[in-house]
1. Being closer than 23 Å to Leu172 by Cβ and of a type in the set (Ser, Thr, Tyr) is the filter; apply it to segment 74-108 and report the residue that is least open to solvent (accessible area, probe 1.4 Å).
2. Which residues, counting only those in segment 296-325, are of a type in the set (Phe, Trp, Tyr) and either open to solvent by less than 50 Å² (accessible area, probe 1.4 Å) or not in a helix (DSSP H, G or I) (or both)?
3. Would it be correct to say that Phe71 is over 22 Å from the mean Cα position of the chain (by Cα), modelled with pLDDT of 90 or more and crowded, with 17+ Cβ neighbours inside 10 Å?
4. Glu55: among the charged types (D, E, K, R) and either open to solvent by less than 50 Å² (accessible area, probe 1.4 Å) or under 27 Å from Gly181 (Cα atoms) (or both), yes or no?
5. Thr263: at pLDDT 75 or above, of a type in the set (Val, Ile, Thr) and loosely packed, with under 15 Cβ neighbours inside 10 Å, yes or no?
6. Give the number of residues within segment 25-68 that are of a type in the set (Val, Ile, Thr), at pLDDT below 90 and under 20 Å from the mean Cα position of the chain (by Cα).
7. Answer yes or no as to whether Arg187 is at pLDDT 75 or above and either in contact with a helix residue (DSSP H, G or I) (Cβ under 7 Å, 6 or more places away or on another chain) or under 26 Å from Leu172 (Cα atoms) (or both).
8. Name the residue that is farthest from His59 (Cα to Cα), counting only residues in segment 157-177 that are open to solvent by less than 20 Å² (accessible area, probe 1.4 Å) and not small (Gly, Ala, Ser).
Amino acid sequence: MLSVRVLTRAIIKPSTPTPPQLKFLELSFLDQCLPNYSINFILFYSAGHSNGIPEISHHLRSPHSDVLTRFYPLAGRLKKHHLSSDKIYVECNDEGVEFTTARVERDLDSFLADPPINELGRLFPAGGSSFSSYDEPLLSVQFNEFTPGGGWALGVSMSHKLADGTSYAEFLKAWADTARGRGVHARPKFESAALFPPRDVAARPTRVEAVIALLWRCAIRAAGGVARGRRLEAAVPVNLRPRLRPPLTEDCFGNGVERYLFTSWCRFPFYETDFGWGGPAWVAVPPYNLKNWFVLMNARGGDGFEVWAFLTEAEMEGFAKDPELLAFTSAPGSVSMH
């Protein structure tokens, strides 16, 4: 089991207070509909000797507060307009982001040679789990020191309610540029609510919706402790034929199906995130509590893809041994199943 010991926890606030006219940021309708989970990446850096680790940690923390001045919503908190409303917004109150330091009792070279995929979540604050409270920071960072031998990793967790992969990459670039003395040149625009205006989705339910809601609440209570730690979702099949434009006729035969989600993060310049010691040796995605999800990333050096697949254990067994898949991998044994 990977030994990770938390050393310090701190809250970092913007170096300049957010002006009163920017204290409230409405979220777009699309942002409201997203589940409150986080975007998580780990950036591993082999540069830096163990006796310079405290210096590196300080070097990363100092510009963090300057960058937050431009990305000020990340230092705020999610709030509801009122208890009976589904509309949420960001109160840009400068409560800050979490910065944790930890020590990993493992040599980085041996770690990267055989990474414990199922334990990567331990390199994030709170294990990189989904946000469970409106009081939690929207951005959390864990600086992990590998010892002996030096090397370090950054686990960066950002609320998906506020940012997508492009926004995440933009923040990392601004932070790295500032750490290298280039100043904060990024000027992010928080205008999504103007493009997709927020609206309250707590409309009066139909009779069917009311009964389904009752059954769902009772089913969750019945699951009780059995469901602890599992992601529970309710799905309601609907007849899309009359809702399409143009509508389909009722004699159109077919179904909805089980979804497989494919996400490409190949254009995001994560391997260019240089805080002053060169780019990362590896960028990893920790395990998510999702099923049927595939993430494509550029391999280091840009030659080929690295694919992260999230499937059930039974499906993964066959997927990792698929002859067609293995025919396109770079080398025998390059499909790693955890």
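1. The extreme case among them is Thr100.
2. The first filter runs over segment 296-325 and keeps only residues of a type in the set (Phe, Trp, Tyr), leaving 305, 308, 310, 319.
Listed by number, the residues that qualify are Phe305, Trp308, Phe310.
3. Working: over 22 Å from the mean Cα position of the chain (by Cα): no; modelled with pLDDT of 90 or more: yes; crowded, with 17+ Cβ neighbours inside 10 Å: yes.
Spelling it out, it is not the case that Phe71 is over 22 Å from the mean Cα position of the chain (by Cα), modelled with pLDDT of 90 or more and crowded, with 17+ Cβ neighbours inside 10 Å.
4. On the way: among the charged types (D, E, K, R): yes; either open to solvent by less than 50 Å² (accessible area, probe 1.4 Å) or under 27 Å from Gly181 (Cα atoms) (or both): yes.
Taking the combined requirement at face value, the residue satisfies it.
5. Details: at pLDDT 75 or above: yes; of a type in the set (Val, Ile, Thr): yes; loosely packed, with under 15 Cβ neighbours inside 10 Å: yes.
Answer is yes for this residue.
6. Residues meeting the conditions: 1.
7. Values: at pLDDT 75 or above: yes; either in contact with a helix residue (DSSP H, G or I) (Cβ under 7 Å, 6 or more places away or on another chain) or under 26 Å from Leu172 (Cα atoms) (or both): yes.
It is true that Arg187 is at pLDDT 75 or above and either in contact with a helix residue (DSSP H, G or I) (Cβ under 7 Å, 6 or more places away or on another chain) or under 26 Å from Leu172 (Cα atoms) (or both).
8. Within segment 157-177, the subset open to solvent by less than 20 Å² (accessible area, probe 1.4 Å) is 157-159, 161, 163, 165, 168-169, 171-172, 174-176.
Still in the running and not small (Gly, Ala, Ser): 158, 161, 168, 171-172, 175.
On the way: Met158: 21, Lys161: 29, Tyr168: 20, Phe171: 17, Leu172: 15, Trp175: 11 Å.
The extreme case among them is Lys161.
The values are calculated or read from the model by the stated rules, or taken from the named source; none is laboratory data. As the structure is a prediction and not an experimental result, all values here were calculated from the model. Note that each Cβ is placed from the backbone with ideal geometry, even for glycine, and that neighbours are counted across all protein chains shown. SASA here: full protein model, heavy atoms, side chains in, ligands and nucleic acids out. Shrake-Rupley method; radii C 1.70, N 1.55, O 1.52, S 1.80 Å.
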